[in-house]
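Below: the structure, in structure tokens.
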Amino acid sequence: MWRRPPRPSRQSCPERSRRGEARRTRASTPPAIWIFIYFFCLAVLPTSAATWTIHAQPTRLVNGAPVLFQVKPPTKLESLTGTWLTHQLTFSYDKSTKTWFALAGVTFETTPGKYTLELSAQPAASKTPLTFTRTFAVAHFQYPQIKVELTVEKKFTEPNPEQLQQAEESKKIKQDYLNRVTADREWDGTFAAPADAAISDVYGSQRIFNGKAQREHQGLDFRVPTGTPVAAMNSGTVLLARFLYFEGNCVVIDHGQGLLTLYFHLSEFKVKEGDQVKRGQIVGLSGGTGRATGPHLHLAVRWQGTYLDPARLMQLPLP
Ligand SMILES: [Zn+2]
């Protein structure tokens, strides 16, 4: 007497059911056949989970890298949100490819390991939310350990009480503005370089100012003389266009989905706070204001309160 194999799940294979009918009339079929058919059905039939398609770009995720998540859900959705490294993501819909996408990042401090993207969707035809998770591996990238020794004015390393007060005021402005997250996307397509110039210092390098070690470089420096036009990397809204103690004249553009681009040490502003800008629009002229050893453009990319590698953002082909 052989035992009936376990019943298949609700997404049962039609082939399995038909053979089930047959079994009742031909009870002599060997049990091994049923077991084979059962596992065959499990292997080849799509489950509801398998119909989600999720891609990350770049395919190899490292600390400091921006990342584009692209999601094809199993059904038509009204909205899609997610959680990644404790940050909230709001996805945009691209009709032409029927894909939802969001720009996110992996912080500089993220240690190598496996991290889960949790998705929560509101289907168009149902009130019951859908959820799905997918795990991504994050590898470690060793940024250049070049020690850059720089000499700057004393007020930046040993400020007097009045200068300290000015630095504190700038710090408050940065805390207030630079951690803002606008969920709606304003960026459109790939991020462009703000200037056509050589790179003088990369993201992640170690820095020493007047003999004092500072944290790693949080942006990308372009070697440009004073007065060089600086262009917006993508469409967005000007969040800040004002003087800050260390950053000098700085422009910050909010591109939505929690992504900001920052342009430091400018000699002149060409936009004001609240302006809508397009990719390539001139936002200011380069200079050497703030804590700078000479004229250059410091470009930074900030995602939800953390600085990412601008060079990697420019390499990402975006929808
Ligand atoms: Zn810099």
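Mind listing just one residue for me: the one in the stretch 305-316 that is closer than 17 Å to residue 62 by Cα and more than 15 Å from the ligand (Cβ to nearest atom) and, of those, surrounded by the most Cβ atoms within 10 Å (Cβ to Cβ)? Step by step, filter the stretch 305-316, then rank; the result is 313. Note on the stretch 81-114: residues that are under 13 Å from the mean Cα position of the chain (by Cα), free of Cβ contacts under 8 Å to residues at least 40 places away in the same chain and in a strand (DSSP E or B) amount to 3.
Find the residue count for the stretch 229-260, including only residues that are part of a loop (DSSP other than H, G, I, E, B) and either aromatic (Phe, Trp, Tyr) or over 26 Å from residue 87 (Cα atoms) (or both).
Quick first cut of the stretch 229-260, residues part of a loop (DSSP other than H, G, I, E, B) only: 232-235, 245-247, 255-258.
Now narrow it down to the ones that are either aromatic (Phe, Trp, Tyr) or over 26 Å from residue 87 (Cα atoms) (or both): 245-247.
Residues meeting the conditions: 3.
Being farther than 28 Å from residue 191 by Cα, in contact with a Pro (Cβ under 9 Å, 6 or more places away or on another chain) and surrounded by 18 or more Cβ atoms within 10 Å (Cβ to Cβ) is a description that applies to residue 132. In this entry, residue 248 is excluded by the filter for residues that are on the phi > 0 side of the Ramachandran plot and under 24 Å from the mean Cα position of the chain (by Cα). Within the stretch 261-289, the set of residues being surrounded by 21 or more Cβ atoms within 10 Å (Cβ to Cβ) and assigned to a loop (DSSP other than H, G, I, E, B) comprises 286 only. The set of residues from the stretch 206-224 being at pLDDT below 95 and either more than 9 Å from the ligand (Cβ to nearest atom) or at positive phi (or both) comprises 206, 208, 209, 210, 211, 212, 213, 214, 215, 216. Condition first: touching a residue at least 12 places away in the same chain (Cβ under 8 Å), within 21 Å of residue 281 (Cα to Cα) and either touching a strand residue (DSSP E or B) at 6+ places or on another chain (Cβ under 6 Å) or among the polar types (S, T, N, Q) (or both). Can you find one or more residues in the stretch 202-220 that meet it? The answer is yes; a qualifying residue exists. Apart from one condition, residue 193 fits all of (1) farther than 22 Å from residue 107 by Cβ; (2) away from the ligand (no atom under 16 Å from the Cβ); (3) in contact (Cβ under 8 Å) with a residue 40 or more places away in the chain; the exception is (2). Checking each residue in the stretch 262-303 for being within 16 Å of the ligand (Cβ to nearest atom) and closer than 16 Å to residue 173 by Cα picks out 262, 263, 264, 290, 302.
Out of everything in the stretch 65-80 that is of a type in the set (A, V, I, L, M) and in a strand (DSSP E or B), what residue ends up being farthest from the chain's Cα centre (by Cα)?
At the first step, the residues of the stretch 65-80 found to be of a type in the set (A, V, I, L, M) are 65, 67-68, 71, 77, 80.
This time we only want the ones that are in a strand (DSSP E or B), so: 67-68, 71, 77, 80.
On the way: 67: 4, 68: 6, 71: 14, 77: 22, 80: 16 Å.
Of everything passing the filter in the stretch 65-80, 77 is farthest from the chain's Cα centre (by Cα).
Residues in the stretch 202-211: is at least one within 25 Å of the chain's Cα centre (by Cα), among the small types (Gly, Ala, Ser) and crowded, with 23+ Cβ neighbours inside 10 Å? No, every residue in the stretch 202-211 fails to be within 25 Å of the chain's Cα centre (by Cα), among the small types (Gly, Ala, Ser) and crowded, with 23+ Cβ neighbours inside 10 Å.
The values are calculated or read from the model by the stated rules, or taken from the named source; none is laboratory data. Computed from a predicted model, the values in this text were never measured in an experiment. We place every Cβ from the backbone using ideal geometry, glycine too, and count neighbours over all the protein chains shown.
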